[in-house]
Amino acid sequence: MAKLFLPSLPVCPHCNTVYRYSDVKKIMFKKSEKCYHCKKNFKISKKKLIIMIIELLIIYAALGLFLIGVVGIKPLVLFIINVFLVAAGILLIPYYIMFVKKK
Ligand SMILES: [Zn+2]
């Protein structure tokens with residue numbers, strides 16, 4: 001289970017070829033893909049990504065309440081911080097994509 005939460009670039013489940021960031025970005029919204037190395041098909045799983053998004057939403061909500069309620073920053077400042085965090089999160093998407101064998 002621990003492996004599921006570590007950010008890493010996905011590998012082919014058949015031949016363990018590591019996909020580069022730019023390669024993952026190109027295919028990450030597809031359902032399946034053929035490995036460029038071993039030519040076998042695999043499924044592109046977003047399970048880890050969905051878990052990451054749910055966790056981030058909880059952290060965002062808690063952080064937002066803390067910053068407004070305790071630190072006393074303005075909602076606009078918080079909004080700007082969130083925009084940067086979301087932008088950073090989007091850049092990390094390829095690290096949360098997994099390739100799995102087709103059943
Ligand atoms: Zn392969």
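Just so you know, all these numbers are worked out from the coordinates, no wet-lab data involved. Just so we're clear, the structure is a prediction, and the values are computed from it rather than from any experiment. Here the Cβ is made from the backbone with ideal geometry for all residues, glycine too, and neighbour counts use every protein chain on show.
Side notes on the structure shown:
- Distance between modelled label sites at ILE68 and ILE80, nm, 7 Å Cα→Cβ extension: 1.8 nm
- As a length-normalised measure over Cα pairs under 8 Å and 6 or more apart, the relative contact order of the chain settles at 43 percent.
- Partners of LYS47 within straight-line reach, counting aspartates and glutamates whose Cα lies under 13 Å from its Cα and excluding those fewer than 8 residues away in the same chain: GLU55.
- Label-to-label distance, LYS47 versus TYR60, with points set 7 angstrom from Cα along the beta-carbon direction: 2.4 nm.
- Length added when fully stretched, LYS103-ALA87, from 0.36 nm per residue minus Cα-Cα: 2.3 nm
- Cα radius of gyration and Dmax for the chain (Å): 17.2, 55
- Karplus-derived 3J(HN,Hα), 6.51/-1.76/1.60, for each residue of the range 85-92, Hz, glycine and proline x: 5, 5, 4, 5, x, 4, 5, 8
- Coupling constants for the range 20-34 follow from the phi torsions by the Karplus curve (6.51 cos²θ - 1.76 cosθ + 1.60, θ = phi - 60°), and in residue order they are 6, 3, 5, 5, 5, 4, 5, 10, 5, 9, 7, 7, 8, 7, 9 Hz; glycine and proline get x.
- Between helix 47-66 and the chain: long-axis angle, C-alpha atoms, 0 to 90°, nearest 10: 10 degrees
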